[in-house]
Amino acid sequence: MRSPLVAGNWKMFKGVADAIAYAKEFRALAKDLTTVELVIAPPFTAVHGVADALRNSGIATAGQDCFWEKEGAYTGAVSAPMLKEAGAELVILGHSERRRVFGDTDADVTRKIHAAYAAGLAPIACIGETLEEREAGRTFEVLDTQLKACIDGLSAEQFALMVIAYEPVWAIGTGRNATPEQAQEAHAHIRGRLRAWLGAEAADKCQILYGGSVKPDNARAILQQPDVDGALVGGASLDPQGFFAIASAAV
């Protein structure tokens with residue numbers, strides 16, 4: 001059985017003080033939620049404070065992105081070793097906002113994933129189609145291309161640590177979300193591709209999360225789908241009570 005995983009991506013919200021206060025409150029709320037893996041991804045400036053506040057709680061801290069070089073003349077960039085030193089255990093890579101707003105390509109995502117592994121971080125690798133791609137009937141084609149980039153050159157041992165997040169771009173921050181049936185269809189396709197490319201054991205163990213306007217009122221229906229192993233939650237994760245409700249729906 002794959003254990004459910006629920007991750008909160010705060011995006012560019014919360015300063016250090018607010019982030020630490022949230023982490024302490026959520027830690028208390030979730031102290032008995034032992035059957036769900038929980039991850040919080042604060043802004044870079046709050047990674048250390050949140051990781052410290054969550055120490056020994058079983059709740060992991062993640063970065064929201066990283067650069068592929070360890071160090072160098074890259075103004076504004078944050079490397080995977082820097083995230084690791086700050087207390088992160090995972091890192092979100094290939095998020096649609098990184099692709100769309102900052103121009104991350106599939107090749108960039110591949111390099112970032114390998115940098116994450118080299119630093120000892122587990123990637124949460126994001127893939128998903130735009131509304132135009134879905135309406136053109138290209139959903140599976142886009143997922144295949146992005147998924148190949150995420151697993152390119154990985155060993156079996158490395159892939160065992162990867163989490164895949166399916167996030168239909170048309171459902172992120174729009175208030176729209178895929179129906180449970182649409183989510184299951186995409187997740188089943190992703191798992192089928194992993195089975196064909198990496199084998200049944202790897203595919204069956206891989207946690208595939210759904211991300212796209214997940215909220216307390218729709219989480220349970222989505223998370224009950226057989227190939228949906230959890231959620232990558234955006235705006236709804238900014239409220240600890242709401243995020244706890246979503247995490248509880250994954251039980």
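The values are calculated or read from the model by the stated rules, or taken from the named source; none is laboratory data. Computed from a predicted structure; not experimentally measured. All Cβ positions, glycine included, derive from the backbone under ideal geometry; neighbour counts span all protein chains shown. Surface accessibility is based on the protein's heavy atoms, side chains included, excluding ligands, DNA and RNA. Shrake-Rupley method; radii C 1.70, N 1.55, O 1.52, S 1.80 Å.
Side notes on the structure shown:
- Test result for G153, surrounded by fewer than 21 Cβ atoms within 10 Å (Cβ to Cβ) and either touching a Cys at 6+ places or on another chain (Cβ under 7 Å) or more than 19 Å from S237 (Cβ to Cβ) (or both): yes
- For the residues E85, E132, E69, E89, the requirement of being within 24 Å of A186 (Cα to Cα) and of a type outside the set (A, V, I, L, M) singles out E132.
- Residues (open to solvent by 10 Å² or more (accessible area, probe 1.4 Å), assigned to a loop (DSSP other than H, G, I, E, B) and more than 19 Å from A231 (Cα to Cα)) located in the range 60-70: W68, E69, K70
- Count of residues meeting criterion [open to solvent by less than 10 Å² (accessible area, probe 1.4 Å) and among the small types (G, A, S)] in the range 42-59: 1
- One residue stands out among those in the range 156-167 that are open to solvent by 20 Å² or more (accessible area, probe 1.4 Å) and within 16 Å of the chain's Cα centre (by Cα): the one that is farthest from P216 (Cα to Cα), which is A160.
- Residue in the range 112-127 that is open to solvent by 50 Å² or more (accessible area, probe 1.4 Å) and basic (K, R) present: no
- The combined condition, being within 19 Å of the chain's Cα centre (by Cα), at pLDDT 95 or above and either outside any loop (DSSP other than H, G, I, E, B) or more than 16 Å from L209 (Cα to Cα) (or both), is not fulfilled by A73.
- Contacts under 9 angstrom Cβ, first residue in the range 170-196 being touching a residue at least 12 places away in the same chain (Cβ under 8 Å) and within 16 Å of I208 (Cα to Cα), partner open to solvent by 60 Å² or more (accessible area, probe 1.4 Å) and in a loop (DSSP other than H, G, I, E, B), 6 or more apart: P180/Q224; Q184/P226; H187/P226; A188/P226
- Residue pairs whose Cβ atoms lie under 9 Å apart, separated by 6 or more positions or on different chains, with the first residue in the range 11-36 and part of a loop (DSSP other than H, G, I, E, B) and the second open to solvent by 60 Å² or more (accessible area, probe 1.4 Å) and hydroxyl-bearing (S, T, Y), are G15/T45.
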